[in-house]
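Below you'll find the structure, written out as structure tokens, and then a few comments.
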Amino acid sequence: MNGQKVHLRAVEPSDLPLLYEWENDVDNWEVSHTMEPYSKALLEKFIETSAQGLYGNRQQRLMVVENGTGATVGAVDIFDFDPQNRRAGIGILVDKRHRQNGYGHEAVELTKKYLFETVGLHQIYCNIMINNSFSLKLFQKAGFEICGLKKEWLLTKDGWMDEYTLQIINRKSIL
């Protein structure tokens, strides 16, 4: 899955150090709903089982790679894959050293294309804390619309936080 700035690829064993860094960065924990550090052993198992793919795991991680340098700049997570109802959730992380370069938007667009055209999904959704204006703008720019608000949904260091649910529907999907 190739774009102008980035391409998406499967997770590789060589991604372990970067995944370990991202998953254990406490600055990412609030938006990823992480409560504790990940061990290298656990991440190695995650990488191994990633080979089972979306249908085997009901989830998939795609690495976001900058075309010019080959640097891995982020990851897209596809989760809660429901083949019966043809929907899945999506989340994205762009490494803080690579933000504000358009990588996130292009990665979301490439993932949408993959999920709608290759996997055949009818809809994709995401959950975004109401104070995460960057993610909200990113997904709205990609065509996602707010369809719900979960009040006091997440307990953060600053207290209870509301969370938006956004979705995009593939109007070209067939029954």
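No lab work stands behind these numbers, since they all come straight from the coordinates. Predicted, not measured: the structure shown is a model, and the values here were computed from it. Cβ sites come from the backbone with ideal geometry, for glycine too, and all protein chains shown count toward neighbours.
Kirkwood analysis of the chain, using all unique Cα-Cα pairs, places the hydrodynamic radius at 16.8 Å. Annotation: extensible slack from Asn101 through Phe134 equals 10.6 nm (criterion: 0.36 nm per residue apart, minus Cα-Cα distance). Restricting attention to the chain, the count of lysine pairs at 8 or more positions apart or across chains with alpha carbons under 26 Å apart stands at 26. Springs between Cα atoms under 10 Å define the GNM used for the chain, and in it the highest mean-square fluctuation of Met129, Met63, Met161 occurs at Met161.
Contact order for the range 64-175, expressed relative to its length and based on alpha carbon pairs under 8 Å spaced 6+ residues apart, stands at 22 percent.
Here the range 93-140 is described by how far its Cα atoms reach on the three principal axes: 32, 23, 14 Å, from widest to narrowest. Approximating the spin labels as points 7 Å out from Cα along Cα→Cβ, the Glu145-to-Asn2 distance works out to 3.5 nm. When the chain is treated as a GNM with alpha-carbon contacts under 10 Å, the residue of Ile146, Ile92, Ile124 showing the greatest mean-square fluctuation is Ile146.
Taking 0.36 nm per intervening residue step and subtracting the Cα-Cα distance, what contour gain separates Leu42 from Asn85 on full extension?
Here the answer is 12.5 nm.
Using 7 Å Cα-to-Cβ label points, what is the Ile174/Lys113 separation (nm, one decimal)? Reported label-point gap for Ile174 and Lys113 is 2.2 nm.
When the chain is modelled as a GNM with alpha-carbon springs shorter than 10 Å, which of Lys141, Lys113, Lys45 fluctuates the most? Largest GNM mean-square fluctuation: Lys45.
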